[in-house]
Amino acid sequence: MISPTRPTMGMEIAFDKEQEYPLSRVYIFDTTLRDGEQSPGCSMTTPEKLKMAAHLVDLGVDILEAGFPIASEGDFEAVDAVSKQYPWVQVAALARACTLDVERAARALHHAKRPRIHTFIATSDVHLKFKLRKTREQVLNDACAAVALARNYTDDVEFSAEDATRTQIEYLEQVCNAVVEAGARTVNLPDTVGYSVPEEYADLIGRIVRLLGDRATVSVHCHDDLGLAVANSLAAVNAGARQIECTINGIGERAGNAALEEVVMTMKTRHDRLPFETKINTEKLYGASRALTDIITFGPQPNKAIVGENAFAHEAGIHQDGYLKEKSTYEIMDPASVGVPESRIVLGKHSGRHALKQRAEDLGFHLTGEQLNEVYHQFTMIADNKKGLRNDEIAALVEQVTGRRGDPEPVGAQATAANTR
Ligand code: KIV
Ligand code: ZN
């Protein structure tokens, strides 16, 4: 048992390392194993969390929130296991702003070399009145006491003002100032119910950034109830936030959290407008997304940005034609940059001759102009009533028209096979 007065963990890490980073550095706080895990169909066992943690570490997340130790034995065990397995990683554990939770989080982080205690309490009137049944003064005191207690265990304490975006601003400022005085190094302002819109959230974040100056890092944590979690997070970074809390595939409470892959790739792809750096190995994004899908009960929807099945698929003829001539006509990112093996040309009713000719060649058929016309004619008739044609169906059609078989081992067959995904 750790004595609350004895700072036993990770004091040596301090924050001096951060001074080496430029002001444009944005920290990626991954909460797939905590906020993500606490949503329907997403709960994970400790071995599953360890498996996922391996991907997150490989990806290069800055802070890995591994669980909410007071919530269950499993959560406690997972935080402990991740801390032991990845001693060089900054591991966070969540705790409500009360003694029991903070001490439990501290115990779970006992083996962590770089522990972060993340304590939170709601600050909006609606939460105070109906959920906590506490006054503003009581909440302020609980927040400061929890932060001060957590500082007995680690230098690295984060405070979250739950439902910050629906909190009266002067009170929120008072809470932020007070928790920083009490020792919080990171102040997180969650849009807990996904209610904010980008301009409004940026105003709020800018105001708190100006208030706290270099006394604390301002963090954002956005839920996607209105589909704005990523937009809000990025608007906040432009306003001075330097930590984004997010999850793989955007999993999380209700509609989820900001998707890690989307915030990271937006900053990378639109560096002209969002000149910020992360240390995410973006080539590992797709692998992390697939790993999560294998562990939980659902994957991203096909049209999900970055990691969805269709994110790099082209079906419309005009698009295919442009893409085959020059990829950048219809692709703003190289699929390899996010770990997607290749783009996909989907042959369906909107596809054109160029794509069909290319696919036939990939399958080992070199068609004359006349043959292509005939194959294309028959293809459009079939495709009109289908969702798309697989490679074996294309091959059968070409064979039927030309009366011959394709190459047994056609060049590019391997790549093309993936195109039937
Ligand atoms: O959404 C939220 O407010 C949270 C906090 C606990 C950070 O998940
Ligand atoms: Zn949340």
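The values are calculated or read from the model by the stated rules, or taken from the named source; none is laboratory data. Everything numeric here is computed off the predicted structure, so don't read it as measured data. Heads up, the Cβs are rebuilt from the backbone with ideal geometry, glycines too, and the neighbour counts pull from every protein chain shown. Heavy atoms of the whole protein, side chains included, go into the accessibility calculation; ligands, DNA and RNA do not. Shrake-Rupley method; radii C 1.70, N 1.55, O 1.52, S 1.80 Å.
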Suppose the Debye formula is applied to equal point scatterers at every Cα of the stretch 313-416; what is log10 I(q)/I(0) at q = 0.13 Å⁻¹? -0.46
Specify which residue in the list Thr135, Ser72, Leu50 is farthest towards the positive end of the charge dipole of the stretch 16-165, using unit charges on the beta carbon of Lys, Arg (+1) and Asp, Glu (-1), about the Cα centre. Thr135
Counting C-alpha atoms alone, how compact is the stretch 43-197: give Rg to one decimal and Dmax as a whole number, in angstrom. 15.6, 44
Charges at C-beta only: +1 for Lys and Arg, -1 for Asp and Glu. How large is the resulting dipole of the stretch 313-416 about its Cα centre, in Debye rounded to 20? 220
Interchain or sequence-distant (5+) residues whose placed amide H lies within less than 5 Å of the amide H of Val89 are none
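In the chain, how does Rg compare with the Kirkwood Rh, expressed as the Rg/Rh ratio over alpha carbon atoms?
1.09
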What are the extents of the Cα atoms of the stretch 161-271 along their three principal axes, in Å, largest first? 36, 29, 23
Quick one: pull the percent of accessible area on the stretch 313-416 belonging to carbon and sulfur, 1.4 Å probe, ligands and nucleic acids left out. 51
As I understand it, the dipole of the stretch 289-333 uses +1 on the Cβ of Lys and Arg and -1 on the Cβ of Asp and Glu, about the Cα centre. Which of Met333, Asn310, Leu292 lies farthest toward its positive end? Leu292
How much accessible area per residue does the chain have, in Å², with a 1.4 Å probe? 44
Whole angstrom only: what separates the Cα centroid of the stretch 99-151 from the Cα centroid of the stretch 342-369? 59
Starting from a Cα-only point model with no solvent, please compute log10 I(q)/I(0) by Debye for the stretch 302-352 at q = 0.19, 0.30 1/Å. -0.58, -1.22
Spelling it out for Ile121: with amide H atoms placed in the peptide plane at 1.01 Å from N, the residues 5 or more places away or on another chain with amide H under 5 Å from its amide H are Ser160, Glu162
